[in-house]
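Participant: Please see the structure below; I have some questions.
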Amino acid sequence: MLNSSNQLRFCIVLVGLFLSIATSSISQSYDLALVLEETNPGTYAIGDQVSHTITICNQGNFSASTIEVIDHIPAGMSLSQADINGWTGPSSGPVTNTISAIPAGVCTTLDILLIIGPSVVSASMVNHAEISQDNGNDIDSSPDNILGNDAGGAPNSPADNMMFGSGTGSPGDEIASTDEDDHDSEMILIQAPSLSLDKIGDQSGISNPPQVGQVIQYNFTICNTGTDPINNISVSDPLVSITGLPISLAPGACNNTGFTGAYVLTFFDIEAESVTNTASAQGTVFDGESITALSTEITVFGLAEPANPMIETADGDVYVGNAVNGVILTAPNGLCYRLRVENGGILEVEQVTCP
Ligand SMILES: [Ca+2]
Ligand SMILES: [Ca+2]
Ligand SMILES: [Ca+2]
Ligand SMILES: [Ca+2]
């Protein structure tokens, strides 16, 4: 039988033994975990700065120190010059940062400011951050700076922003319970609308030499070269009357049948030996703003010189044949005027510089 004093001693020993076992079990637990999130979730545009917040938690019961974090920075983005968080490395990434210490059971945060470059045309990009070095033996992680070898972490899946996975899943999968806890991803949504226009002239209807009234046919190829649908697209041209109803184009889609135009050659075009005009396409994007594309090539028609006119005189008449340019006469005051006859006998007169 134990007396009360021995009972107390026995209880103290039991408690001590329990604490010893518990401490010995907990003492194995060095465990860091990381989550990467947009500081202000949303949709961003070309040239925007996008802040990310990386939360690093010490889930073990040892104080952790010299914790190196790496951000892999997706292609098309770079570290902003305005970042003041102490990241080092090339601006295109990867970049690293070191946290001096995190006590057991404590979380800390580290921000990184990225900027979206001018050439991005994809609707989304994915950033990745992970712990690349630490000072302990993490129970469920092997820190490294290698992108693509971490279990789970698929953006916008249950494995995204997960801190309690076992790390036993497959790289990039969507399973939260087996997610690698010292790595995380974050998807950045980007809206980069872009429209292109290509105007092509068909001059098969123009003879040599050209004649007033002959027609140049234009076709227009319009492409949505951006990340967002474009609606209510129409084509205009200052010289050409365009036929066609407004169209919509999904990202990557093109249309080359929706719009056509015809241009009728004038005397002045033939005199200039070319027709130059620039068409534009205009549509509406996600935020209601308009987007415009000019034709990617200015269509120039080099037209052949009219043949020399034939001049004959007979019975008091002067006959000028093939006189596309007309006849220039000098008035008594010395000014010169060009006379030109259109089809149907319509006479046109214009003052010109004397030859
Ligand atoms: Ca861990
Ligand atoms: Ca890794
Ligand atoms: Ca993770
Ligand atoms: Ca995330």
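The values are calculated or read from the model by the stated rules, or taken from the named source; none is laboratory data. Here the structure is a predicted model, which means the values were calculated and not measured. Neighbour counts run over all protein chains shown; Cβ positions are idealised from the backbone, glycine included.
Participant: Give the residues of the stretch 240-280 that are surrounded by 16 or more Cβ atoms within 10 Å (Cβ to Cβ), modelled with pLDDT of 95 or more and under 24 Å from ALA45 (Cα atoms), sorted by residue number.
Facilitator: LEU249
Participant: Looking at VAL240, VAL212, VAL264, which is the one that is in contact (Cβ under 8 Å) with a residue 24 or more places away in the chain, touching a helix residue (DSSP H, G or I) at 6+ places or on another chain (Cβ under 6 Å) and not basic (Lys, Arg)? I'd like the intermediate steps shown before the answer.
Facilitator: Details: VAL240 fails: touching a helix residue (DSSP H, G or I) at 6+ places or on another chain (Cβ under 6 Å); VAL264 fails: touching a helix residue (DSSP H, G or I) at 6+ places or on another chain (Cβ under 6 Å).
Matching residue, one of VAL240, VAL212, VAL264: VAL212.
Participant: Within the stretch 59-161, which strands (runs of 3 or more DSSP E) (wholly inside it) include 3 or more residues that are at pLDDT below 95? Steps first, answer last, please.
Facilitator: Working: elements: 64-71, 77-79, 95-102, 107-116, 124-133.
Of the strands (runs of 3 or more DSSP E) lying wholly inside the stretch 59-161, none has at least 3 residues that are at pLDDT below 95.
Participant: Ok, one more. (1) within 16 Å of ligand 4 (Cβ to nearest atom); (2) more than 29 Å from the chain's Cα centre (by Cα); (3) surrounded by fewer than 20 Cβ atoms within 10 Å (Cβ to Cβ); (4) not aromatic (Phe, Trp, Tyr): which one isn't true of SER157, the others all being true?
Facilitator: (2)
Participant: Looking at (1) among the small types (Gly, Ala, Ser); (2) within 16 Å of ligand 3 (Cβ to nearest atom); (3) free of Cβ contacts under 8 Å to residues at least 24 places away in the same chain, which one does GLY167 not meet, given that it meets all the others?
Facilitator: (3)
Participant: Provide a single number: the residues in the stretch 162-193 that are near ligand 1 (Cβ under 10 Å from one of its atoms) and in a loop (DSSP other than H, G, I, E, B).
Facilitator: Applying the first criterion (near ligand 1 (Cβ under 10 Å from one of its atoms)) to the stretch 162-193 yields 163-167, 180-183.
With in a loop (DSSP other than H, G, I, E, B) added as a condition, the list becomes 163-167, 180-182.
Residues flagged as near ligand 1 (Cβ under 10 Å from one of its atoms) and in a loop (DSSP other than H, G, I, E, B) within the stretch 162-193 amount to 8.
Participant: From the list ILE112, ILE102, ILE67, pick out the single residue that is buried (at least 19 other Cβ atoms within 10 Å of the Cβ), out of contact with any Cys (no Cβ under 7 Å at 6 or more places or on another chain), over 23 Å from TYR30 (Cβ atoms) and not basic (Lys, Arg). Break it down stepwise before answering.
Facilitator: Numbers: ILE102 fails: over 23 Å from TYR30 (Cβ atoms); ILE67 fails: over 23 Å from TYR30 (Cβ atoms).
The match here is ILE112.
Participant: If we scan the stretch 125-136, do we find a residue that is within 15 Å of ligand 2 (Cβ to nearest atom) and without any contact (Cβ under 8 Å) to a residue 60 or more places away in the chain? Explain how you work it out, then say what you get.
Facilitator: Of all residues in the stretch 125-136, those within 15 Å of ligand 2 (Cβ to nearest atom) come to 126-134.
Of the ones still in play, those that are also without any contact (Cβ under 8 Å) to a residue 60 or more places away in the chain are none.
Checking the stretch 125-136: not a single residue is within 15 Å of ligand 2 (Cβ to nearest atom) and without any contact (Cβ under 8 Å) to a residue 60 or more places away in the chain.
Participant: So, one more: Filter the stretch 246-278 down to residues that are within 13 Å of TYR218 (Cβ to Cβ) and under 24 Å from the mean Cα position of the chain (by Cα), then give me how many there are.
Facilitator: Residues that pass the stated criteria total 1.
Participant: Still on this model: Only residues that are within 16 Å of ligand 2 (Cβ to nearest atom), without any contact (Cβ under 8 Å) to a residue 60 or more places away in the chain and surrounded by 18 or more Cβ atoms within 10 Å (Cβ to Cβ): list them for the stretch 173-193, please. Steps first, please.
Facilitator: Step one: filter the stretch 173-193 for residues within 16 Å of ligand 2 (Cβ to nearest atom), giving 173, 178-186.
From what is left, the residues that are without any contact (Cβ under 8 Å) to a residue 60 or more places away in the chain are 173, 178-180.
Within the stretch 173-193, ASP179, GLU180 qualify.
Participant: So, in the stretch 281-305, how many residues would count as being modelled with pLDDT of 85 or more and either of a type in the set (Gly, Ala, Ser) or under 14 Å from GLN211 (Cβ atoms) (or both)?
Facilitator: Step one: of the stretch 281-305, the residues modelled with pLDDT of 85 or more are 281-285, 290-294.
Of the ones still in play, those that are also either of a type in the set (Gly, Ala, Ser) or under 14 Å from GLN211 (Cβ atoms) (or both) are 281, 283, 290, 293.
Counting residues in the stretch 281-305 that are modelled with pLDDT of 85 or more and either of a type in the set (Gly, Ala, Ser) or under 14 Å from GLN211 (Cβ atoms) (or both) gives 4.
Participant: Restricting to the stretch 195-209, give me the number of residues that are surrounded by fewer than 22 Cβ atoms within 10 Å (Cβ to Cβ), modelled with pLDDT under 90 and not β-branched (Val, Ile, Thr).
Facilitator: 8
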